[in-house]
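Worksheet: one structure, shown below.
No value in this document is a laboratory result; all are computed from the given coordinates. All values reported here derive from a predicted model rather than from experimental measurement. A quick note on method: Cβ atoms are made from the backbone with ideal geometry, for glycine too, and the neighbour counts reach across all protein chains shown.
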């Protein structure tokens, strides 16, 4: 096994483990010396992997996802397109919420990450003949969008802006 492939597999192993993985265990898995594992870990750390050495072994801590709230406006018919715009850019739609004049914040968790998720959500609205929250606030509403990087959130923002869904300047 080549060194680069081994390092990728070490990252996968650490990510899939709920507990620290010892250097000895890693050396047995990859059939290399413990010193080779120590060197691999050092190189992975230098490549900005957040690997922490504990007395029980190595763990990897992935950075927390980034979030941004977008205020949007569109018609009922454009719900699917708006949500596709977000997931196609790499975002995850965590929720939808409105700020109601009387009731305050009304929020519903969504967790839409793929076009299939969006299709199921839109189909649910149609099947149940339910009105979306935006109906209560004249089509204005908010989405909390999660992504692995700020660049993805910027891409979501740009795409929403280009389609005329994004409300800015407030």
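Give me the mean projected area, in nm² to one decimal, of the convex hull enclosing the Cα positions of segment 3-60. Numbers along the way, then the final one.
Working: hull surface 13.5 nm².
If you wrap the Cα atoms of segment 3-60 in a convex hull and average its projections, you get 3.4 nm².
Cα axis of helix 79-88 to longest principal axis of the chain: angle in degrees, 0 to 90, nearest 10?
The angle comes out at about 20 degrees.
Which residue, 144, 25, 85, tops the fluctuation ranking in a GNM of the chain built on C-alpha contacts under 10 Å?
25
Given the DSSP H assignment, sum -39500 (n - 2.57) over each helix run of at least 4 residues in the chain and divide by its residue total; what's the result at 222 nm in deg cm²/dmol, nearest 500?
Result for the chain: -13000 deg cm²/dmol, rounded to the nearest 500.
Where does helix 34-46 land angle-wise versus the long Cα axis of the chain, in degrees 0 to 90, nearest 10?
For helix 34-46, the angle is close to 40 degrees.
Based on alpha-carbon centroids, what's the gap between segment 1-59 and segment 106-166 in Å, whole number please?
Each part's Cα centre sits 39 Å from the other's.
Find the relative contact order for the chain and round it to a whole percent, using C-alpha pairs within less than 8 Å whose residues are 6+ positions apart.
Details: 234 pairs, mean separation 41.9, N = 170.
For the chain, the relative contact order is 25 percent.
Quick one: work out Rg over Rh on the C-alpha atoms of segment 66-162, Rh as Kirkwood radius. If you can, show how the numbers build up before the last one.
Numbers: Rg = 12.8 Å, Rh = 13.5 Å.
Expressed as Rg/Rh, it is 0.95.
Identify which of the listed values of Cα extents along the principal axes in Å was calculated from the structure shown: (1) 53, 43, 26; (2) 50, 36, 25; (3) 65, 34, 30.
Matching the structure shown: (3).
What is the order of 28, 148, fewest Cβ neighbours within 10 Å to most? Don't jump to the answer; show the numbers that get you there.
Numbers: 28 12, 148 15.
In increasing order of surrounding Cβ atoms, one gets 28, 148.
Which angle between 0 and 90 degrees, to the nearest 10, do you get for helix 150-162 versus the longest principal axis of the chain when only C-alpha atoms count?
Its long axis makes an angle of about 20 degrees.
Estimate the FRET efficiency between residue 111 and residue 46 by the formula 1/(1 + (r/R0)^6), using the beta-carbon distance for r and 30 Å for R0, to the nearest 0.05. Provide the component values of the computation, followed by the final result.
Working: r = 35 Å, r/R0 = 1.15.
Working from the Cβ atoms, E equals 0.30.
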